[in-house]
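This report refers to the structure that appears directly beneath it.
The values are calculated or read from the model by the stated rules, or taken from the named source; none is laboratory data. What you see is a predicted model; the values in this text were computed from it and never measured. Here Cβ is always computed from backbone atoms with ideal geometry, including for glycine, and neighbour counts include all displayed protein chains.
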Amino acid sequence: MGAMTDAALVLFSGGQDSTVCLAWALERYARVETVGFDYGQRHAVELEARVAVRTAIAERFPAWAARLGPDHMLDIRGFGQVGQSALTTERAIEIGEKGLPNTFVPGRNLVFFTYAAALADRRGLKALVGGMCETDFSGYPDCRRDTLDAMEAALNLGMAQDFRIETPLMRLTKADTWSLAKGLGGDPLVEIVRAESHTCYLGERGALHDWGHGCGTCPACELRAKGWEEWLAQGRPAIAS
């Protein structure tokens, strides 16, 4: 298979950020494939949300549906056992010695991009799209653009490729991410993000809050709810896609 320069692979968890990134890629690329990772996460319900989000996007946006290619699910539970954290074991979420929440899985994004690049190499895809952000985030060092620039260079050197790691949310607040969703797909996409995507670290899918499903108290829920409230206070503006 020859390389498709107009094609992208989205690292797709089924969460708010990766859902917006999927829409962002579908606006820009003629062919978009998705990849997800089962690393033994406590919030494995996100793996079900991935299917619901992809289905909803295909139903509500026919033009995007025509561009949406295969989904790939990779089993890397062995890595989850090595990088144990509050995301992979039953423990309270708290701040650790390094000042990071113990939801941090060491090297997770580096591993994700390594697997994604190997898949992209086989599939002939050049753009690797991730929802990492260093504006409103929990301080994870592997979400920083400097880290991902280094990762991009290492992948291209080690695989003799010319991949591009694209992070459209890197400089956005969570309020900006809601705005971008509005700009990309209007209220229908906002509703898909709100009702179908999953962010909560504890895997809570009970009541549907204004900002979506979740426990409301874990770091992921707090960031998502805070961004929603800030976006509402701004009058629900749309960032141009």
(Q) With the requirement that a residue be surrounded by fewer than 19 Cβ atoms within 10 Å (Cβ to Cβ) and modelled with pLDDT under 95, what does the range 43-66 give you? (A) ALA44, VAL45, LEU47, GLU48
**Q.** Subset of the range 207-241 [surrounded by 14 or more Cβ atoms within 10 Å (Cβ to Cβ) and among the aliphatic types (A, V, I, L, M)]
**A.** ALA220, LEU223, ALA225, ALA238, ILE239
Q.
Step by step: first the residues of the range 196-241, then only those that are in contact (Cβ under 8 Å) with a residue 24 or more places away in the chain and of a type in the set (Phe, Trp, Tyr), then the one that is farthest from ALA49 (Cα to Cα). Which residue is that?
A. TRP231
Q.
One residue is enough: does the range 168-184 have a residue meeting the conditions farther than 21 Å from TYR115 by Cα, small (Gly, Ala, Ser) and in a loop (DSSP other than H, G, I, E, B)?
A. no
Q: Scan the range 220-240 and give yes if some residue there is at pLDDT below 95, over 14 Å from the mean Cα position of the chain (by Cα), part of a loop (DSSP other than H, G, I, E, B) and closer than 26 Å to PHE112 by Cα, otherwise no.
A: no
Q.
What's the total number of residues in the range 29-42 that are touching a Gly at 6+ places or on another chain (Cβ under 6 Å), more than 16 Å from ALA58 (Cβ to Cβ) and in a strand (DSSP E or B)?
A. 0
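In the range 5-19, what residues are in a strand (DSSP E or B) and touching a residue at least 60 places away in the same chain (Cβ under 8 Å)? Talk me through it step by step, then tell me what you get.
If we filter the range 5-19 for residues that are in a strand (DSSP E or B), which is where we start, we get 5-11.
Within the range 5-19, THR5, ALA7, ALA8, LEU9, VAL10, LEU11 meet the criteria.
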**Q.** Search result, residues across the range 161-176 that are surrounded by fewer than 23 Cβ atoms within 10 Å (Cβ to Cβ), touching a helix residue (DSSP H, G or I) at 6+ places or on another chain (Cβ under 8 Å) and among the basic types (Lys, Arg)
**A.** ARG164
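Determine if the range 143-161 includes at least one residue that is of a type in the set (Ser, Thr, Tyr) and in contact (Cβ under 8 Å) with a residue 40 or more places away in the chain. Steps first, answer last, please.
Just the residues of the range 143-161 that are of a type in the set (Ser, Thr, Tyr), to begin with: 147.
Subsequent filtering for residues that are in contact (Cβ under 8 Å) with a residue 40 or more places away in the chain retains none.
No: the range 143-161 contains no residue that is of a type in the set (Ser, Thr, Tyr) and in contact (Cβ under 8 Å) with a residue 40 or more places away in the chain.
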Q) Out of all the residues in the range 177-195, which are crowded, with 21+ Cβ neighbours inside 10 Å and touching a residue at least 60 places away in the same chain (Cβ under 8 Å)? A) THR177, SER179, LEU180, ALA181, LEU184, GLY185, LEU189, ILE192, VAL193
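Residue by residue through the range 115-154, note down the ones that are assigned to a helix (DSSP H, G or I), surrounded by fewer than 22 Cβ atoms within 10 Å (Cβ to Cβ) and in contact with a helix residue (DSSP H, G or I) (Cβ under 7 Å, 6 or more places away or on another chain). Steps first, answer last, please.
Our first condition is that a residue be assigned to a helix (DSSP H, G or I); within the range 115-154, this holds for 115-123, 141-143, 145-154.
Okay, now just the ones that are also surrounded by fewer than 22 Cβ atoms within 10 Å (Cβ to Cβ), so 115, 118-119, 121-123, 141-142, 145-147, 149-154.
Within the range 115-154, ASP121, PRO141, ASP142, THR147, MET151 qualify.
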Q) Out of all the residues in the range 20-28, is one or more out of contact with any helix residue (DSSP H, G or I) (no Cβ under 6 Å at 6 or more places or on another chain), in a loop (DSSP other than H, G, I, E, B) and at pLDDT 95 or above? A) no
